[in-house]
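K.L.:
The following block contains the structure, expressed as C-alpha cells.
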C-alpha cells in the first residue's frame, strides 16, 4: 500500500498514531505520518476551537506543506487530523485523491452555523467514519460535510458507528476488527 498521509488528533504524535494504525495499514513503512509541530495561527485556532481547550493552543500542521506532501495521496485524519485533512482538500481539491475523515468535520466553526461549502473540482472519494455518540465533534457536522460533498459530485461513504464516542477504540479501529479491515480495503482500493 502506498500513497497515504495520516494525521493524528489533538495532543497526539506521529509515534502514537503509527501504533494505532497498525491494524489498518498492511505496510506502515509506506505511510507518511508527520507530527503536528507548528504553533497555531489565528485561522488554525478558528478551525480547531474547542478541541483540547476553549482557546486552542496545541500544535497543528502547516496546510501548505501538507498540500505538497499529500499530492495525489489518500489523506487520513483522526479528529484534529480529520479537520486538517478536510482543510487540505479545500486548499487543493485537484491534487487530492481521497480523504478519510475519522471523527472529524471541516471546521469547528460549523457549530456556530458556518455552513460547509465543498471545493469545486474535487471528484475524488471521501470516507467519513463517525460515532453516533461522539460528544467532541458532533456527527451532524460530518453529515453536513458528507451531504455537501455528495451534492458537488464527490464519491462519499459515511459509516456511522452506533453508540461510539470519540476514540479509535470505540470506533472499532484500535484492534483487528471488521471495521478496521473494511477501512484497510477502502484505502487499498484508492491507492
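K.L.:
Within a 10 angstrom radius of the beta carbon, how do 31, 186 rank from fewest other beta carbons to most?
P.N.:
Ranked by crowding around the Cβ, least crowded first: 186, 31.
K.L.:
Under the rule of -39500 (n - 2.57) per DSSP H run of 4 or more residues, summed and divided by the residues of the chain, what mean residue ellipticity at 222 nm is obtained, to the nearest 500 deg cm²/dmol?
P.N.:
Calculated at 222 nm, the ellipticity per residue is -8500 deg cm²/dmol.
K.L.:
Additional query: Taking the Cβ-Cβ separation of residue 71 and residue 189 as r and a Förster radius of 22 Å, what is the calculated FRET efficiency to the nearest 0.05?
P.N.:
FRET efficiency, residue 71 to residue 189: 0.70.
K.L.:
Please report, in whole Å³, the volume per residue of the convex hull around the C-alpha atoms of the range 94-134.
P.N.:
Convex hull volume per residue, Cα atoms: 81 Å³.
K.L.:
Quick one: among 132, 96, 117, which has the greatest mean-square fluctuation in a GNM of the chain with alpha-carbon springs under 10 angstrom?
P.N.:
117
K.L.:
Now a separate question. Arrange the following residues from fewest to most other Cβ atoms within 10 Å of their Cβ: 22, 182.
P.N.:
Ranking 22, 182 by Cβ neighbours within 10 Å, fewest first, gives 22, 182.
K.L.:
Same structure, new question: If a/c stays under 1.5 just call it rounded; otherwise compare a/b with b/c (prolate if a/b is bigger, oblate if not). Do that for the chain, with a ≥ b ≥ c from the square roots of the Cα gyration tensor eigenvalues.
P.N.:
rounded
K.L.:
For the residues 152, 26, 107, what sequence is obtained by ranking on other C-beta atoms within 10 Å, fewest first?
P.N.:
26, 152, 107
Each value in this text was obtained by applying a stated rule to the coordinates, not by laboratory testing. Predicted, not measured: the structure shown is a model, and the values here were computed from it. Don't worry about glycine lacking a Cβ; one is built from the backbone with ideal geometry, like all the others, and counts go over all protein chains shown.
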